[in-house]
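Okay, structure first, notes after.
The values are calculated or read from the model by the stated rules, or taken from the named source; none is laboratory data. Keep in mind that what you see is a predicted model, and the values were worked out from it rather than measured. FYI the Cβ positions are ideal-geometry reconstructions off the backbone, even for glycines, and counts take in every protein chain you see. Surface accessibility is based on the protein's heavy atoms, side chains included, excluding ligands, DNA and RNA. Shrake-Rupley method; radii C 1.70, N 1.55, O 1.52, S 1.80 Å.
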Amino acid sequence: FAYNLAGLSYFNIGTYDEANRAFYNSMRLAIEHKENSLLAKCYQNIGVLYAELGRSVEAMDYYGKALNLYRIQKNRQDEAGILQNMGIILDAEDKDKEALGYHLSALRIYNELKDTLAVAGMYLNLGSLYEDQADYPKSLDYYNRALSIFLRENNKFGIAYGYISLG
């Protein structure tokens, strides 16, 4: 567990080689001790690292491994988070239909969990996806939905992000 936290710390300060080393040490120990919950987090964090480094194929591979473990564990919250991350990568690669499928799957789960802030975040992702496609009415609709939730929840970061997106 400590290696995973160290990896997150290194990642957050931009020391990616050390982050990678720590995540792999954590993954090795998780496999050794059959700690599937920790293993899923390791896979997810390695995926995030690879996504940050622009290595989307590897990121998607690790996200897929994490997704499988989260589904086995019936961890819906983290399953939705992985689906969202996968959608973001596909959106960046202009694979709009695939990205939309992942985003809508994540949105469905967040709605089932009644996680309103995560729903708002998904609306921002969907707004961005439609903005990239120059479908501005749909984009604005999703951005406004997100902003409405952020305002209702008084989420300062979300409010700012919502206004930036609308701008």
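Quick one: in segment 78-102, of everything that is touching a Leu at 6+ places or on another chain (Cβ under 8 Å) and more than 17 Å from Gly47 (Cα to Cα), which residue is modelled with the lowest pLDDT?
Applying the filter and picking the extreme gives Asp96.
Remark: pairs (first residue in segment 118-137, under 17 Å from Tyr163 (Cβ atoms) and of a type in the set (Phe, Trp, Tyr); second residue in a helix (DSSP H, G or I) and at pLDDT 95 or above; Cβ separation under 6 Å; 6+ apart in sequence or on different chains) = Tyr123/Tyr142; Tyr123/Arg145; Tyr123/Ala146. For Glu79, indicate whether it is of a type in the set (Asp, Glu) and open to solvent by less than 30 Å² (accessible area, probe 1.4 Å). Yes: the conditions hold for Glu79. For segment 16-29, the criterion of being farther than 21 Å from Asn111 by Cα, out of contact with any helix residue (DSSP H, G or I) (no Cβ under 8 Å at 6 or more places or on another chain), not in a helix (DSSP H, G or I) and not acidic (Asp, Glu) is met by no residue.
Being among the basic types (Lys, Arg), touching a Phe, Trp or Tyr at 6+ places or on another chain (Cβ under 7 Å) and touching a residue at least 12 places away in the same chain (Cβ under 8 Å) is a description that does not apply to Lys41. Scanning segment 118-137 for residues being in a helix (DSSP H, G or I), open to solvent by 70 Å² or more (accessible area, probe 1.4 Å) and touching an Asp or Glu at 6+ places or on another chain (Cβ under 9 Å) gives a total of 1. Kindly indicate which of Glu79, Glu98 is charged (D, E, K, R) and touching a residue at least 24 places away in the same chain (Cβ under 8 Å). Exactly one of Glu79, Glu98 is charged (D, E, K, R) and touching a residue at least 24 places away in the same chain (Cβ under 8 Å), namely Glu79.
The residues of segment 138-167 that are under 19 Å from the mean Cα position of the chain (by Cα), among the hydroxyl-bearing types (Ser, Thr, Tyr) and open to solvent by less than 80 Å² (accessible area, probe 1.4 Å), listed by number, are Tyr142, Tyr143, Ser165.
Of all the residues in segment 12-34, those that are closer than 26 Å to Gln73 by Cα and within 19 Å of the chain's Cα centre (by Cα) number 3.
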